[in-house]
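The structure appears right after this line, and notes come after that.
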Amino acid sequence: MVVAADGIGSGVRGVLSPEHPGTACTGFTTWRVLVPPLGRPFAQHETWGPGRIWGTHPFADGTVYAYAAAMAPAGRRAPGGDEKAELRRLYGSRHDPIPAILDAVEPGQVLRHDVHQIAEPLPAHHRGRVALLGDAAHAMAPTLGQGGNQAIEDAVVLAHHAAPDAPLDLAGYTAARQPRTTQPRTTMIAREVMTVSRVNMTANRPVIALRNAAIRAVGALGPAFLLRGMDGIADWRPPQRGRCPGVPPYAAGIRNPPSEP
């Protein structure tokens, strides 16, 4: 068996499905930076603005990871390649600690990438004895943080269908993970990611007002209600070979192969 986990620009995907259109640009670009500790505590946050997002994540050692996203045509870059200046232009007037983070960014240390996704599902996640895994099979925007998570789920399900004590069953892997079955997990999540991306990156003022009002209303109902929005995503459970009390033999609604008890 060959496992093709060669990422969003997968060459293997193009060989297995040459008729597939491949990836498409989402319409927004991202920047990422790492800066030394700022010397004062602050809360992790993500701030939404018209067509723009900024997120800040302090690490345990004080190092700060920050990311930004904005609507932009594919291929556009800052004048003269100065992405730090571009970040200052777009986010320099935002709330604390964003200006301090921008001050701490070293010139030339800003990563910028256009965000691409597989908008049209693949016909299958395997061909013959070759299996696609992760972004190679279902690249998606990072809006819900599911790209890496879905790759891990792929790996668990693939291992289940490639167990050494059973026949190789890549068709079963595709049936569990591929979007044109009765349980289209990766496509369902990819579509939710696209929906959330459109909502939190919108620059339409009436839509922004409606979105913010909805978030305030949901927030007022408490975290438990808010977390219900992740039902079907964060509650996934891996396939089980045996039967344990209270645990389905093949959890999360994924098809149970006939060879299993």
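The values are calculated or read from the model by the stated rules, or taken from the named source; none is laboratory data. In this text the structure is predicted, and so the values were computed from the model without any measurement. Please note: Cβ atoms are built from the backbone with ideal geometry, for glycine as well, and neighbour counts cover all protein chains shown. SASA here: full protein model, heavy atoms, side chains in, ligands and nucleic acids out. Shrake-Rupley method; radii C 1.70, N 1.55, O 1.52, S 1.80 Å.
For the reader, a short list of remarks on this structure follows.
- Cross-chain or 6+ apart pairs with Cβ under 6 Å, segment 135-159 first and free of Cβ contacts under 8 Å to residues at least 40 places away in the same chain, then open to solvent by 10 Å² or more (accessible area, probe 1.4 Å) and assigned to a loop (DSSP other than H, G, I, E, B): Gly147/Met140; Asp154/Leu133
- The C-beta contact set for segment 41-55 (first residue on the phi < 0 side of the Ramachandran plot, second residue among the small types (Gly, Ala, Ser), distance under 6 angstrom, 6+ apart or interchain) comprises Glu46/Gly55; Pro50/Ala203; Arg52/Ala70; Ile53/Ala69; Trp54/Ala68.
- Counting the residues of segment 16-37 that are open to solvent by 30 Å² or more (accessible area, probe 1.4 Å), modelled with pLDDT of 90 or more and hydroxyl-bearing (Ser, Thr, Tyr) gives 1.
- Among residues of segment 12-43, those that are over 27 Å from Ile101 (Cα atoms), small (Gly, Ala, Ser) and touching a helix residue (DSSP H, G or I) at 6+ places or on another chain (Cβ under 9 Å), counted: 1
- Listed conditions (1) aliphatic (A, V, I, L, M); (2) within 18 Å of the chain's Cα centre (by Cα); (3) over 21 Å from His45 (Cβ atoms) are all met by Ala68, apart from (3).
- Only listed residue being surrounded by fewer than 13 Cβ atoms within 10 Å (Cβ to Cβ), farther than 30 Å from Asn204 by Cα and either of a type in the set (D, E, K, R) or at pLDDT below 95 (or both), chosen from Arg13, Arg89, Arg76, Arg40: Arg40
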